[in-house]
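Have a look at this one.
The values are calculated or read from the model by the stated rules, or taken from the named source; none is laboratory data. All values derive from a computational prediction rather than experimental measurement. Cβ sites come from the backbone with ideal geometry, for glycine too, and all protein chains shown count toward neighbours. These area figures cover heavy atoms from the full protein model, side chains too; ligands, DNA and RNA do not enter into them. Shrake-Rupley method; radii C 1.70, N 1.55, O 1.52, S 1.80 Å.
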Amino acid sequence: MRSYLESIDLELDDSGRYAPRYRLFETTFWEPVPTTAVSYRAGSRLLVIADAEQAGEIESRLKGAVNCYMAMPAERSEAALAANAHYCAGLTVEGHLGEFKVLYDQHLDPEEPDARNLASLFGIESGCFDQVLDCSETPFLDSELKPPGYYCGHESADLDRALEAIPGMIGEFEKPKFFDYDPEICAHGRSGIRGCTNCLDACPADAIISVGERIEVNPHLCQGGGVCASSCPSGAITYVYPRAEQQLELLRTLVRGMLEAHDGIAPEVVFFDRERGFDAVAGRSGAMAHTVLPFMVEEIGSVGPDLLASALAYGAGKVFVFVPDGTPAKVVETLARTVDQVGIVLHETGCRDRELRMGSTLEGVGGESTVKTGPNATFAPVGDKRTVTRRAFGHLNEISETPRSAIGMPEGTMFGRIHVDAETCTLCMGCASQCPGKALQAGGDTPALRFIEANCVQCGICARSCPESSITLEPRLQFDPNVINKAVSLKEEVPFHCVVCGKAFATQAMISRMTEKLKGHWMFDKPDALNRLRMCEDCRVIDLFDKESRAGS
């Protein structure tokens, strides 16, 4: 971050006012962040999936820089073929640079032995290829972001880029591990009940899989897109390159500097990323007004509600999220939902002096402005994503034309409460035992179900775990901290006491429901068996043992 801040100078503009000039395109934004390294080791074994004509051309152009192995997923032809070509159908590809495993359903040469691993068919002992060049019209690996070492070469321009890159990918390489994961607060699942799947649905690299109650991220497939972290409601996945607090603190510093330099005129913050948005923003920067703040992130998918809401709360009059063509569709969809949710808060609270947009071009971005916002937030970006986002939303609500106590939000938001049908709820506490955020809690010595809204991430595990289907979710944003942090009782009941020892062990409703459901069952057709349901666990065992002892004597 220091290199970014040191790139800011104050110069006089034509009107004689000081204007921050950002040498954004001559420096890096972030100093290296200490993080775990992910290593790759790749040899020279390149699998080429192409037809006979393409295969010959590719091998000729590479000129021995790599060892080419040819796979042709088509019927055998009379064309001249390379000696190391195989015809295969039903190819499946998985892996990454240095470790691509390729399987096939059918080998089309009847003289070859039956084998499922294509590398083994070529005599490669490791069973893996180092790189894959796929010239198929529809790639065999269908993730939006292909792993390192996998190239699509159907289009001539893509093929040219691939052939230029392939020789340079032999050797040992390292990249940062872009994420941290805390399984303890993950809301993906509990006891076989599926909850949140945001990260799996959003990852364009297909680097995340479900492993029971948790998720698992393959660091070799992860491209650092950040959309997993921006869509995670609980904060179980966090982006570490850079960390969210670094970006937020930099944003706060720059927006405050812009406001001071321009007599309170609100800046327009333009979020863009290094790979896809850099050239377009850099090319247009000379035509942008002094009040425009281009803010580069490593990946545009890492821009979450905390960053957008904080930019507006700190004093930005306009925020534009630049999502150029070529951005993975899953990233675009996730960003669109985030922008919509923040936009709902602006609309419902009446923040008329703030504007949030998203687009694939820079048309209409970077013009002059005379709008002043205020009062503006100064809070430090301390806490997790939900805390920072709530604080920013709370500030926007306070300064709005029509402050609200709470507003409805669309399904999928990370804020909300639940409702419990008191008539059907038996206080079995199954929901409380499964809640990953501890939003639902038992009442201690009192049969009761209590709820803390600040802890609810709207994952839906509670509703799916309820045997009586008594729970429904209500996505909403409650602004009063006293309301969301207070434990409220959703249902309380008079306890049921053991008919033998008098110990409270269940609720009146639970025992009544169990008795009603089981009284016709053959195992409870006798009064003493049915009466045993009204006993605590200890007395039930003693009563059953005594009965068996008397029967045996």
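Quick one: in the stretch 489-522, of everything that is part of a strand (DSSP E or B) and aromatic (F, W, Y), which residue is least open to solvent (accessible area, probe 1.4 Å)?
F496
Can you tell me how many residues in the stretch 274-310 are of a type in the set (D, E) and in contact (Cβ under 8 Å) with a residue 40 or more places away in the chain?
Total meeting the criteria: 3.
Which condition number does A82 fail, the rest of (1) open to solvent by less than 50 Å² (accessible area, probe 1.4 Å); (2) at pLDDT 90 or above; (3) part of a loop (DSSP other than H, G, I, E, B); (4) hydrophobic (A, V, I, L, M, F, W, C) being met?
(2) is the only condition that A82 fails.
Being touching a residue at least 40 places away in the same chain (Cβ under 8 Å) and of a type in the set (V, I, T) is the filter here; which residues of the stretch 161-210 pass it?
I166, I170, I185, I193
Here is a follow-up. Restricting the search to the stretch 468-483, which residues are among the charged types (D, E, K, R) and either in contact with a Cys (Cβ under 7 Å, 6 or more places away or on another chain) or assigned to a strand (DSSP E or B) (or both)?
Within the stretch 468-483, E468, E474, R476 meet the criteria.
A follow-up question, please. Mind checking which residues of the stretch 448-467 are over 21 Å from the mean Cα position of the chain (by Cα), in a loop (DSSP other than H, G, I, E, B) and over 15 Å from I193 (Cα atoms)?
I452
Looking at A392, A336, which one is assigned to a helix (DSSP H, G or I), in contact with an Asp or Glu (Cβ under 8 Å, 6 or more places away or on another chain) and under 24 Å from S302 (Cα atoms)?
A392
Shifting gears a bit: Tell me which helices (runs of 4 or more DSSP H) are completely within the stretch 216-291 and hold 3 or more residues being modelled with pLDDT under 90, crowded, with 19+ Cβ neighbours inside 10 Å and not small (G, A, S), or say none if there are none.
244-261
Another question, then. With respect to E548, is the statement that it is open to solvent by 90 Å² or more (accessible area, probe 1.4 Å) and farther than 23 Å from L427 by Cβ true?
yes
Which ones in the stretch 194-206 are open to solvent by 40 Å² or more (accessible area, probe 1.4 Å) and farther than 18 Å from P328 by Cβ?
Listed by number, the list holds a single entry, R194.
Also: Given the residues I209, I300, which is the only one that is in contact with an Asp or Glu (Cβ under 6 Å, 6 or more places away or on another chain), over 23 Å from N455 (Cα atoms) and open to solvent by less than 30 Å² (accessible area, probe 1.4 Å)?
Selected residue: I300, the only one of I209, I300 that is in contact with an Asp or Glu (Cβ under 6 Å, 6 or more places away or on another chain), over 23 Å from N455 (Cα atoms) and open to solvent by less than 30 Å² (accessible area, probe 1.4 Å).
Oh, and also: Only one of E363, E411, E368 is free of Cβ contacts under 8 Å to residues at least 12 places away in the same chain and of a type outside the set (S, T, N, Q). Can you tell me which?
Answer to the selection: E363.
Going by the structure shown, is G366 on the phi > 0 side of the Ramachandran plot, open to solvent by less than 40 Å² (accessible area, probe 1.4 Å) and not aliphatic (A, V, I, L, M)?
The answer is yes for G366.
Across the stretch 332-350, which residue is farthest from F295 (Cα to Cα) among those that are hydrophobic (A, V, I, L, M, F, W, C) and open to solvent by less than 10 Å² (accessible area, probe 1.4 Å)?
Here the residue is V345.
Do you know which residues across the stretch 419-447 are outside any loop (DSSP other than H, G, I, E, B), surrounded by fewer than 23 Cβ atoms within 10 Å (Cβ to Cβ), hydrophobic (A, V, I, L, M, F, W, C) and touching a residue at least 40 places away in the same chain (Cβ under 8 Å)?
Passing the criteria: only V420.
What single numbered condition from (1) open to solvent by 60 Å² or more (accessible area, probe 1.4 Å); (2) among the basic types (K, R); (3) not in a loop (DSSP other than H, G, I, E, B) fails to hold for K486?
Among (1) open to solvent by 60 Å² or more (accessible area, probe 1.4 Å); (2) among the basic types (K, R); (3) not in a loop (DSSP other than H, G, I, E, B), the lone unmet condition for K486 is (3).
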